[in-house]
Amino acid sequence: MKELLKNKNLIWELSKNDFKKRYAGSSLGRVWAFVQPLVTVVLYYFVFGLIFPGRASLAASGLEVPYVVWLTAGLVPWFFLNEGITTGANAMVEYNYLVKKVVFKVGILPFIKTISASFIHIFFALVLLVMYFCYGFKPSFQIIQLIYYSFCLFMLILAITYTTSAVTVFFKDLLQIINIALQIGMWGTPILWRLDDISEKYHTLKMIFRFNPIYYVIEGYRLSLFEGTWVHERWVETLVFWGIVAVLFLVGSYVFKKLRPLFADVL
């Protein structure tokens, strides 16, 4: 944390440059960063909004929500998670020329990657809000909680990235494992389906899903938009979430600190 605070200006400049350079040399440049997720949302709109206009019923409030809007509310944080973890895991390898510099604080690199990924997330959060209002939903005070849940996801990504970015230096196959894990996680997290769809006889399984830190954020988005639920009403899930993030940070800090002296030799 001392490194992050001391180098905040450098972090901001490197984060902007990281976002810009990904698509340097292409005709559309940074536009490509938004194209793939946007195309995904548009495809879901045509499939579920026009061809199969299914609806998701929220039992707590009795409110019916178009499936495409409900789905997008889950996809937006998932896109952020996917982008942040996949790019963050490769931070040390990508910036190896900085890692080899003795005076450079390599501990800020995972932070830079997470901020860079958040630029796209902000854009799609705005797309989600546009869809929300276009479908006739009235704004509520709970919408402001989207900032809180985005911050939760930011911290979760950062906590994971400190471990993965350090291990990837020595085990490049971790990148492929992460991609597979994210594909499985896409279906294993209640994004395309609802947790209530699982039968009560699988109560233990439902509890595992409920305390999944990713689910905490995704459900937080949906509850803030559609049911008007405040964070303090989910105090048990909130405590569990931050407990998991704290443990991940402790593990990440330990692993990163132990492996950091060896980065330059391997890279």
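Figures for the structure shown
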quantity: Check on residue 101, loosely packed, with under 14 Cβ neighbours inside 10 Å and at pLDDT 75 or above; calculated: yes
quantity: Subset of region 105-120 (residues that are more than 18 Å from residue 160 (Cα to Cα) and under 11 Å from the mean Cα position of the chain (by Cα)); calculated: 120
quantity: Residue 164 polar (S, T, N, Q), open to solvent by less than 50 Å² (accessible area, probe 1.4 Å), part of a helix (DSSP H, G or I) and in contact with a Gly (Cβ under 9 Å, 6 or more places away or on another chain); calculated: yes
quantity: Qualifying residue in region 172-181 (condition: closer than 30 Å to residue 126 by Cα and part of a loop (DSSP other than H, G, I, E, B)); calculated: no
quantity: Residue under evaluation residue 152, criteria (1) touching a residue at least 12 places away in the same chain (Cβ under 8 Å); (2) under 26 Å from residue 109 (Cβ atoms); (3) open to solvent by 20 Å² or more (accessible area, probe 1.4 Å), criterion not met; calculated: (3)
quantity: Boolean, residue 208 is β-branched (Val, Ile, Thr) and part of a helix (DSSP H, G or I); calculated: yes
quantity: Which numbered condition residue 248 fails, given (1) at pLDDT 90 or above; (2) not in a helix (DSSP H, G or I); calculated: (2)
quantity: Search result, residues across region 79-98 that are of a type in the set (A, V, I, L, M, F, W, C), within 21 Å of the chain's Cα centre (by Cα) and either under 24 Å from residue 184 (Cα atoms) or open to solvent by 30 Å² or more (accessible area, probe 1.4 Å) (or both); calculated: 79, 80, 81, 85, 89, 91
quantity: Filtered residue count, region 111-141, keeping only those that are buried (at least 17 other Cβ atoms within 10 Å of the Cβ), small (Gly, Ala, Ser) and more than 18 Å from residue 14 (Cβ to Cβ); calculated: 1
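Conditions tested, residue by residue: (1) modelled with pLDDT under 90; (2) in contact with a His (Cβ under 9 Å, 6 or more places away or on another chain); (3) closer than 30 Å to residue 165 by Cβ.
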position: 199; (1), (2), (3): yes, no, no
position: 205; (1), (2), (3): yes, no, no
position: 210; (1), (2), (3): yes, no, yes
position: 214; (1), (2), (3): no, no, yes
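Each row is one residue, and each column tells you yes or no for (1) touching a Ser or Thr at 6+ places or on another chain (Cβ under 8 Å); (2) open to solvent by less than 30 Å² (accessible area, probe 1.4 Å); (3) of a type in the set (D, E, K, R).
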| site | (1), (2), (3) |
| --- | --- |
| 171 | no, no, no |
| 177 | no, no, no |
| 203 | no, no, no |
| 215 | yes, yes, no |
| 218 | yes, yes, no |
| 234 | no, yes, yes |
| 260 | no, no, yes |
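The values are calculated or read from the model by the stated rules, or taken from the named source; none is laboratory data. Since we're looking at a predicted model, the values are computed, not measured. Don't worry about glycine lacking a Cβ; one is built from the backbone with ideal geometry, like all the others, and counts go over all protein chains shown. Calculation scope for accessible area: heavy atoms of the full protein, side chains included, ligands and nucleic acids excluded. Shrake-Rupley method; radii C 1.70, N 1.55, O 1.52, S 1.80 Å.
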